[in-house]
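This report refers to the structure that appears directly beneath it.
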Amino acid sequence: MAVSKNKYPKNQCFCAKRLAVGLIATCIAVSSSFNTAMAGENHDWAGFRGSTGDGTFIGKTKLTESDRCGLKIAWNKKIASGYSGIAVAGGYAVTMFSDGKNDVVAAFDTKSGKEAWRYDLAEYYKGHDGSHDGPISTPLIADGKVFALDARGRFAAIDLKTGKEVWKTHLVEDHACAKPHYGFGTSPIFLDGVVVVQMNSEKAAVSGFDPKTGKLLWSSGADGTNYQSPIQYAWNGATRILAACNKSLFAIDASNGDIIWEQEHAGEGARGLMSLTAVPAGADRLFLAYKDDSSSLLQLIREEQGVSSNHVWEDKSIRNSYNVPVYLDGHVYAFSSRFLTCVDVETGKPKWKARKPGDGFLILVDGHLVIITKEGSLHIVKATPEKYEEIARVDVFDDLAWCHPSYSDGAIYVRSLDAIARIDIVPNAPTEPGSDMKTASKDAISKSKFHAFLAEVNSADDKQAVVNKFVATQKEFPIVEESGWVHFIYKGEGTDLAVAGDMFGARQEQPMKRLADTDIFYYSMPLEPDARLNYIFMRDFEETLDPRNERKTYSMMLTKDMEMSFSGEPFEMSWFSMPKWKAPAHLAETEVAHKGRVDTNGFDSEILGTKVAYDVYVPYEHDTSETRYPVAYVHSGQAAEDHGKMAQSLDRLCGSSIRPTIVVFIKYTHRGPVEPYADMLAKELIPMVDETYRTEKSPEGRASVGIGFAGVTAFVWALKSPEVVGKIGTQSPFIFDFAKGTLDKLVEDHDSLPPTIYMEWGKYDFRNPHEAWDIGETAAEFASTLQKKGFKIQGGEVHDGTGWSSWMNRYDAMFSALFPKGTAS
C-alpha cells in the first residue's frame, strides 16, 4: 500500500477519464465525533446522508422516549422521476426530479409539504441502460443556498428562500470533466466555507468552489471518479474531506485543497469501486464495501513519514449492494445483496442476517436503523448485534424507492420515483401491521389442488406425518397442476427458504412459506401452460439446487445472489416445465444416423488487424452432392457451439425440418463500429467460405444469426448490408439503450427489400423489475418498430427465460423460418 503525505502541490493533479456502468451516487460515512454536537431533536440533514455524510444521528429522539413507537405519514406529495435524496434545513425539504421537460430542483415546506419553489436546472435527463429518468445527485443546503448538480454536469447555486439562481457553472463545458456513463451522481458537501465536489477531469478528482460566486478555488487528486461523493472525516483533531476515487482514498484540507494523505484501496466493480463508500469503523479504521462480491476493513497506520494502510480482513459477508452501510459500537449494519446484515467489525463475520424488511436503503438514528425498502415501506429496526428486531413500520409508496432516508427534527423524509413524504415518529403507538414480502394469496391457492393438501395438514394432529406421506406420493417436483399452478416444495433443514429464477428476474427471489410444525416450505404461483423456466432455492441465504428434481441445467447469465454475470462461468440451476411444453426433438440424446462435420478454420484479417477463428458446420452429403447450400453466419459463435450445442441440433434438423444448411460459427466477438467487421465478413470471410464450400452465393442464401448480445450485431450487419445478406435470425437480442438508437435509425433509413426476420424473446427473459431493464420488453418494442416499417416478423414472445437452456429449445423454429425444408433461394 502506497505511503503519501502532501504528495502533490496545491492545485495540481491529473485524473484518468473513465466511463463506467454503475448506478446511484454514494458518500462516505464519518466518525461519530461529528454528531455528538447534534444531540437533541433540532438539527439539519443538509445533504446526502446528512451534513457530514455519515448517515447517522446519535442524539436522543422520540424513538427512545417509550418502549414502543409508531410511524404516521404527515404528508405525501406526488413529484416525478429521479434518484436524488432529500436535503432538509431551514424549514425546507429539497430534492431533484425530472418533470418530463426539465430536471428541476424543488423545495417543499417541511410542515405542510407544499411546494415552495421550483428551479429548472437543466434539460430533462432520460434514463438509459438500466436507469430511470431524472437526476442522481442529492442537493446540498449550506450558506443559505441550495447547491445542485444535474446528470449532464450543470452545477448551480440557488437561494434557499426564494429559489432564485445565484450562480451556475458546467462541469463538462467549463471544467473539462467527463460525464460518467449514467450521468453525474456525485453529491456535493460543505466544509471550511468551501463547496466540495468530485469531478472526473484531467485536472482534478476533487475540486472546491466558492459558495458565493461559483469560482473554482482548488483542484486536487490524480485519479478518476465515477459515482462516489466526498464526505467529512475526522483526522488528527481536524475535519478533512475524504474522497473515494477509482484507485485511491484521499484526505484533503478543504480550505486549500492540500492532500493530507492518499491510500490505494484496490476496489473494483459497479457496486464496489464505482460507488465506493468508506465507513469509519473505529479509530483509524475504514470499512470498505469496495468490491462487488466482498468487503474489507482497512487499517490506517500513522508513521513519521506519512500514512500507510493494510487490509485487516476481507469477507463476502457484505456484498452486492448500492446501499451505504452505517457503523455503531463495533458493528456494521448493511444490506448484503437484498438481506439486512449485522457484521462484527473485528472479524468480518455476520452476527445475524434477515430477509426482512426487504432490500432498500438505511440510515442510523438514535441507535435505530431507519430503512426505506425498494418496495416503498418504511421500517424502524433496533441496531443491535443480538437479532433483527423491528419496532415500527408503515407502507408509504406504491412505486420504486431508490435513495437513502433523511432525518430532521423528529421526522423522517423519504422519496420514491414519483413521490416525496414526511413520516413522523409517534411515541407510545403500536406498529402498523403489514406484509414485507410477496406470497401467493390464499384465495389464489385455494383454486388449486394443492390447497386440499394444505387444508389437510392444518387440520391434522400429526402434521409431519401428513407431509411425509404427501411428498412420498409425488411423481416429480416442483408440483405442476393442469390448472396452471406450480408449487415449489422444499422439505428438510433450514430456517429461511426462498425460490429464485426466471420467474422473478435477476437480483430477485421470493420467500417460501413454512407449514407450521413441519419441515416443508412452499411457494405457489400460476404460469402459462407451455412455460419452461430455470430456478434455484436459497436456503439460509445460500443457493441450493432442488434436491427432489433431477432436471439440471446451467446459466451463463447469472451467478451467486442471482447477480448478473457475463464472466463465462456456469451457474447450475434446476428447471421445470408446465404441462403443454414439449421437449424439442432436435435435443434428443439418441444417436443420429447421418452426422455432419465441423471444420476448424481461421485467418489473419487485414481489415481487423487480428486473427479471426471460425468453425464451419458442414451437413451430411455436402461433399458428394451437387446441391448448393444456404449459409448461416453465427456471430459470437463460440458460445453457440460450446453452450448452445447448436451443431448437434443441426444434425437432427438438417433434412428433417429445415434445408440442409452450412453454419459458420464466427469466434470473433465484435465490439465498436460495425463497418470494419462488416467489411471483414464481405471481403474476407464470405469469399473464403464460398470458395471452400458449395454455397448459395446470394443475399437470399445467407442469414445473419445472433443470440443475446450478438443479436444486435446480427441486425446491424444485415440492415447495413442488404446486398450481402438477406435473412436475420435472433433470439433475445440484448437491445440496451446504447444500441437502440442505432437500430431504430437503420430501420428508418432502410429502403431495400425487407429481409426475412426470425426474432423471439422470452416473457421471462433477462430483466430486473427495480432497475429499468427488461430484455424481453425492449425486444418487443423493437419488433413493433420493424413491423411499423413493414417488416414481417416470425417468432415473437415465448414463455421461457433467458440463456442457452432456453434458446436451444427453438433452433427448429428459427432455422425453419430462415431456410425451411423444400424451398430454395
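The values are calculated or read from the model by the stated rules, or taken from the named source; none is laboratory data. Only a predicted model underlies this, so the values are computations on that prediction, with no experimental measurement involved. Please note: Cβ atoms are built from the backbone with ideal geometry, for glycine as well, and neighbour counts cover all protein chains shown. What goes into the accessible areas is simple: the full protein's heavy atoms, side chains included, and nothing from ligands, DNA or RNA. Shrake-Rupley method; radii C 1.70, N 1.55, O 1.52, S 1.80 Å.
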Per residue, the convex hull volume that the Cα atoms of the chain enclose (Å³)
175 Å³
Semi-axis lengths (Å, descending) of the ellipsoid that matches the C-alpha gyration tensor of region 116-171:
22, 11, 10
Given the candidates Gly267, Ala234, Ile318, the one whose Cα lies deepest towards the positive end of the charge dipole of the chain, counting +1 at each Lys or Arg C-beta and -1 at each Asp or Glu C-beta, is Ala234
Could you work out [θ]222 nm for the chain from helices alone, using -39500 (n - 2.57) per DSSP H run of at least four and dividing by all its residues? Round to the nearest 500 deg cm²/dmol.
-3500 deg cm²/dmol
For region 601-719, radius of gyration divided by Kirkwood radius, i.e. Rg to Rh on alpha-carbons:
0.94
Order of 680-690, 303-313 by packing, highest average Cβ count within 10 Å first?
680-690, 303-313
Could you run the Karplus curve 6.51 cos²θ - 1.76 cosθ + 1.60 with θ = phi - 60° over region 696-709 and give me ³J(HN,Hα) per residue in whole Hz, x for Gly and Pro?
7, 9, 8, x, 5, x, 10, 10, 9, 10, x, 10, x, 4
Post the alpha-carbon centroid distance, region 396-421 to region 222-281, in whole angstrom.
27 Å
Give the span of region 735-821's Cα atoms along each principal axis, as three whole-Å numbers ordered largest to smallest.
38, 35, 16
Net charge (Lys, Arg +1; Asp, Glu -1) of residues whose beta-carbon lies under 10 Å from that of Leu191, Leu191 excluded, is -1
Can you list residues whose amide H is under 5 Å from Thr110's amide H, if they're 5+ apart or on another chain and H is modeled 1.01 Å from N?
Tyr92, Ala93
Per the Kirkwood definition applied to all pairs of different Cα atoms, how many angstroms is the hydrodynamic radius of region 669-825?
16.1 Å
Report relative contact order for the chain in percent, whole number only (criteria: Cα-Cα under 8 Å, sequence separation at least 6).
10 percent
Burial order of peptide ranges 107-113, 243-249 (average beta-carbon count within 10 Å, highest first)
243-249, 107-113
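What is the magnitude of the charge dipole of the chain about its Cα centre, with +1 placed on the Cβ of each Lys and Arg, -1 on the Cβ of each Asp and Glu, and no other charges, expressed in debye to the nearest 20?
Charge dipole of the chain: 820 debye, to the nearest 20.
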Heavy atoms of Thr559: accessible area, 1.4 Å probe, square angstrom to 10
50 Å²
Phi to ³J(HN,Hα) by Karplus 6.51 cos²θ - 1.76 cosθ + 1.60 over region 283-292, Hz, x for Gly, Pro
4, 6, 10, 10, 7, 10, 8, 9, 10, 4
If you average the sequence gap of Cα pairs under 8 Å that are 6 or more apart and divide by the length of region 618-720, what percent do you get for the contact order?
40 percent
In sequence order, what are the phi-derived ³J(HN,Hα) couplings for region 800-807 according to the Karplus relation 6.51 cos²θ - 1.76 cosθ + 1.60 with θ = phi - 60°, rounded to whole Hz, with x for glycine and proline?
9, x, 10, x, 5, 5, 8, 4
Mind listing the long-range amide H neighbours of Gly183? Cut-off is under 5 Å, sequence gap 5 or more, other chains count too, H placed in the peptide plane at 1.01 Å from N.
none
With Cα coordinates, the longest principal axis of the chain makes an angle with the long axis of helix 710-720, in degrees rounded to 10, of 70 degrees
Multiply the residue separation of Gln787 and Asn256 by 0.36 nm, subtract the distance between their alpha-carbon atoms, and state the gained length in nm to one decimal.
185.1 nm
In degrees rounded to 10, the 0-90 angle between helix 737-749 Cα long axis and the longest Cα principal axis of the chain is 50 degrees
Evaluate the Debye formula for region 485-528 with equal point scatterers sitting on the alpha carbons, no solvent, and hand back log10 of I(q)/I(0) at q = 0.34 Å⁻¹, in q order, two decimals.
-1.26
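Quick one, what does Rg over Rh come out to for region 218-276 if you take C-alpha atoms and the Kirkwood Rh?
That ratio is 0.97, to two decimals.
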Entries in Lys78/Lys382; Lys316/Lys387; Lys114/Lys164; Lys316/Lys645; Lys78/Lys111; Lys161/Lys215 that, when Cα-Cα distance is taken, lie over 26 Å
Lys78/Lys382; Lys316/Lys645
Expressed in nanometres to one decimal, the distance between label points 7 Å along Cα→Cβ at Ser308 and Asp344 is 2.9 nm
If you project the alpha carbons of region 270-404 onto their three principal axes, what span does each projection cover, largest first, in Å?
55, 31, 22
Any chance you could get the radius of gyration and Dmax over the Cα atoms of region 608-649, in Å?
12.9, 36
Taking the convex hull of Cα positions in region 123-216, its mean projected area over all directions (nm²)
6.0 nm²
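From the protein chains alone at 1.4 Å, what is the descending order of accessible area for Thr544, Thr695, largest first?
Descending accessible area places them as Thr544, Thr695.
Roughly what percent of Cα-Cα pairs across region 586-639 reach past 15 Å? Could the numbers behind the result be given before it?
Details: 930 of 1431 pairs.
Here the tail beyond 15 Å accounts for 65 percent of pairs.
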Quick one: check the C-alpha center-to-center distance for region 145-198 versus region 668-728, whole angstrom.
47 Å
Please list the non-local residues whose amide H lies under 5 Å from the amide H of Ser294, H modeled 1.01 Å from N, same-chain partners needing a gap of 5 or more.
Asn320
Treating only Lys and Arg (+1) and Asp and Glu (-1) as charged, each at its beta carbon, one finds that region 776-824 has a dipole about its Cα centre, in Debye to the nearest 20, of 300 debye
Helix 775-788 axis, angle to the chain major axis (alpha carbon atoms, nearest 10°)
60 degrees
Across bins of 10 angstrom width beginning at 0, how are the C-alpha pair distances of region 76-141 distributed, in whole percent?
24, 54, 20, 2
Taking max minus min of the Cα coordinates of region 511-608 on each principal axis, largest first, gives extents in Å of 68, 36, 23
